[in-house]
Structure formats: C-alpha cells, structure tokens
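Student: Dumping the structure here so I can ask a few things about it.
The values are calculated or read from the model by the stated rules, or taken from the named source; none is laboratory data. Predicted model only: the values in this text are computed from it and were never measured. As a convention, Cβ positions derive from the backbone with ideal geometry for all residues, glycine included, and neighbour counts pool all protein chains shown.
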Amino acid sequence: MRAIRSLVLMLSLAALGGTAAFAEKAGDPGTNVEMPFLIAPMTKNGKLLGYSYISSHLVASSTSAALDIREKMAFIQDAFVRDVNAAPVALAADPTKVDAKLLGARLLDDAKRIVGEAKVAQIIFGDGAKDTGVQFSPLHATQAPMPPEQVAETGGATRPAKPAAHPQQ
C-alpha cells in the first residue's frame, strides 16, 4: 500500500513538474506583459508633423520573469518614453511611418537593461499579425473625423476639418 502511495505521489510531482516546465517557455500564457500606450513625436527636418500612438507588449522568457517585468513596468515605460523622445523613430522614406524593426530593437534593449537580459524574450507591436499597433495622428488634421457609420453612408466621402465661413447678410 505504501509503495502505491509513493508511486502516485511521484507521478503527481512529475506531472506538476512537467506542466511547470511547459509554462516556462516564452510566448506561453502568462508570459505576455501588456505595456501602456507610447506616444512618439514624428518629425521631418526638425518640424513636428504629429504623433504616433504605439501599443506593444513584452514577451517574458518565463512566467516568473513576467512578474519581474510587471514589477518594473514604470521604469520600463519611463525608458521607452525617453527613448522615443531622444531619437527619431520614423522611416527615412516616410516620416509619418514608424520603423518598427529599429524601434523594436531599441525598446527591447531598454527593457533588457532594466529587468535583465535573460528575462525579456521579445517585444511585439499590436497583435503581431494584422494590427501593427501603430497609428499616426497628424498635428494639423486636414479632415474632420467621422464615425464609421457615417463614412459608410457617405461612401467614404469626407468633410473639411473647418466649417465653411457663413456668408454675411
């Protein structure tokens, strides 16, 4: 009877250990840490064109590393904000588009410096698939925003940002 109990206990511990080892891979549930939105200024020849709103999440190397990242999130976010304000993040060909590869490498280095090299596996912008996680908003809009249902009704036609001047009577 004791032999059976010992065998059941050993198998239970082995099963728990196997599950824990499986959960320790980067990208598994519990290893993704959503970061607060980042607002990056977009400039051309020293002139501010607008801002890019960037959503991202860090992928930790393990679930315990994810806890360390969450614990240091304020410091990581501070480093991210300083980084995007210290050096340009735009593509050379289009100053309204973010160079995601360059920015990703810079932000990943910032996170690794704060939390530790082995604790952060990667950074992903948006959902990593369709959503790029980056939205540019011009400083001076040329068109007023429209609700999606109104865009559908007008067939995509837009309206000017400023109302036309009223004729004097």
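Student: How about the stretch 108-135: which of its residues are within 10 Å of the chain's Cα centre (by Cα) and touching a residue at least 60 places away in the same chain (Cβ under 8 Å)?
Tutor: Just the residues of the stretch 108-135 that are within 10 Å of the chain's Cα centre (by Cα), to begin with: 123-128, 132-134.
If the condition is that a residue be within 10 Å of the chain's Cα centre (by Cα) and touching a residue at least 60 places away in the same chain (Cβ under 8 Å), then 123, 124, 125, 126, 133, 134 are the ones that fit.
Student: Select from the stretch 44-76 the residues that are assigned to a helix (DSSP H, G or I) and among the hydroxyl-bearing types (Ser, Thr, Tyr) and list them in ascending order.
Tutor: Keep residues of the stretch 44-76 that are assigned to a helix (DSSP H, G or I), which gives 63-71, 73-76.
Hits for the stretch 44-76 are 63, 64.
Student: Also, I was wondering about something else. Take residue 86 and decide whether it is surrounded by fewer than 14 Cβ atoms within 10 Å (Cβ to Cβ) and either under 15 Å from residue 57 (Cα atoms) or at pLDDT 90 or above (or both).
Tutor: On the way: surrounded by fewer than 14 Cβ atoms within 10 Å (Cβ to Cβ): yes; either under 15 Å from residue 57 (Cα atoms) or at pLDDT 90 or above (or both): yes.
In short, yes.
Student: While we're looking at this one, here's another question. Consider residue 102 carefully, then state whether it is assigned to a helix (DSSP H, G or I), free of Cβ contacts under 8 Å to residues at least 24 places away in the same chain, aliphatic (A, V, I, L, M) and under 17 Å from residue 134 (Cβ atoms).
Tutor: yes
Student: What are the pairs, 6+ residues apart or on separate chains, where a residue within the stretch 79-97 that is at negative phi and without any contact (Cβ under 8 Å) to a residue 40 or more places away in the chain has its Cβ under 8 Å from a residue that is of a type in the set (Lys, Arg) and surrounded by 12 or more Cβ atoms within 10 Å (Cβ to Cβ)?
Tutor: If the second residue must be of a type in the set (Lys, Arg) and surrounded by 12 or more Cβ atoms within 10 Å (Cβ to Cβ), the pairs left are 79/113; 83/106; 87/106; 91/97.
Student: Under the condition of being more than 16 Å from the chain's Cα centre (by Cα) and surrounded by fewer than 13 Cβ atoms within 10 Å (Cβ to Cβ), which residue from the stretch 25-63 is nearest to residue 136 (Cα to Cα)?
Tutor: 48
Student: Could you check residue 106 against (1) closer than 13 Å to residue 69 by Cβ; (2) surrounded by 16 or more Cβ atoms within 10 Å (Cβ to Cβ); (3) among the basic types (Lys, Arg) and say which number it fails?
Tutor: Condition (1) is where residue 106 drops out.
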